[in-house]
Amino acid sequence: MVIPTPDQCLSIMKKNSMPPHIQKHSLIVANIARIVGGELNDRGIPLDLDLLVAGGMLHDIAKAHCLKTGQNHATVGGEMVREMGYPILAEIVENHIKIHPADLEFPFSESLLVNYADKRVKHDQVVTLEERFWDLADRYGHTLERKSRLQENLDLYLRLENRIFEDLNIQPPDLFPLAADVNLNLR
């Protein structure tokens, strides 16, 4: 399995003109995924930390482009990453937007963990799931149906969070200072 290194991911971000604020968001997501993944590894749950970091760094690779075109950034980003020769990583990019109830029944995966980490980062700040979903509701909950769907998704992510942290030495509030720990050399 070929996984790009963090330096290669930074190069991919720059080559694809990822704006600095999305780069910063992505680095924080990668850091959360790596730390939580390491804790899960310590509990005997095998996750590839290099894949978590790459997934976090590149999950929004197509975001800026798709904001202009209206395309689904997860789908377009997955296609981009697959064309670069990283099919396993492409699955993480494609699946970082939502989860389904059945996802909570399966063993943890890198894809699920990057998805969770993304939901903990609003722009460049680590926040609670509730705060992140309130923000999503403000920005995208234009109809009662969308607001209802966001509430259902929040409930799923809260269940996922409880499952992730049930036996760990860290808890969700321990993630708050992680935004300050990221190397922000994004130029």
**Request:** Specify which of the listed residues (ILE22, ILE45) is β-branched (Val, Ile, Thr) and either at pLDDT below 95 or part of a helix (DSSP H, G or I) (or both).
**Result:** ILE22
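Name every residue in the range 78-105 that is assigned to a loop (DSSP other than H, G, I, E, B), among the aliphatic types (A, V, I, L, M) and surrounded by fewer than 19 Cβ atoms within 10 Å (Cβ to Cβ), in order of residue number.
Those that are assigned to a loop (DSSP other than H, G, I, E, B), among the aliphatic types (A, V, I, L, M) and surrounded by fewer than 19 Cβ atoms within 10 Å (Cβ to Cβ): MET84, ILE97.
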**Message:** Can you find a residue that is among the aliphatic types (A, V, I, L, M), within 30 Å of ARG43 (Cα to Cα) and without any contact (Cβ under 8 Å) to a residue 24 or more places away in the chain anywhere in the range 109-117?
**Reply:** no
**Message:** Can you find a residue that is basic (Lys, Arg), surrounded by 16 or more Cβ atoms within 10 Å (Cβ to Cβ) and either in contact with a strand residue (DSSP E or B) (Cβ under 7 Å, 6 or more places away or on another chain) or at pLDDT 95 or above (or both) anywhere in the range 162-173?
**Reply:** no
**Request:** Determine whether the range 120-141 contains at least one residue that is more than 27 Å from PRO19 (Cα to Cα), buried (at least 17 other Cβ atoms within 10 Å of the Cβ) and touching a Phe, Trp or Tyr at 6+ places or on another chain (Cβ under 6 Å).
**Result:** no
**Prompt:** Within the range 58-77, which residues are assigned to a helix (DSSP H, G or I) and over 20 Å from HIS21 (Cβ atoms)?
**Reply:** THR75
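The values are calculated or read from the model by the stated rules, or taken from the named source; none is laboratory data. Quick caveat, the model's predicted, so the values are computed rather than measured. Cβ atoms come from the backbone with ideal geometry, glycine included; neighbour counts cover every protein chain shown.
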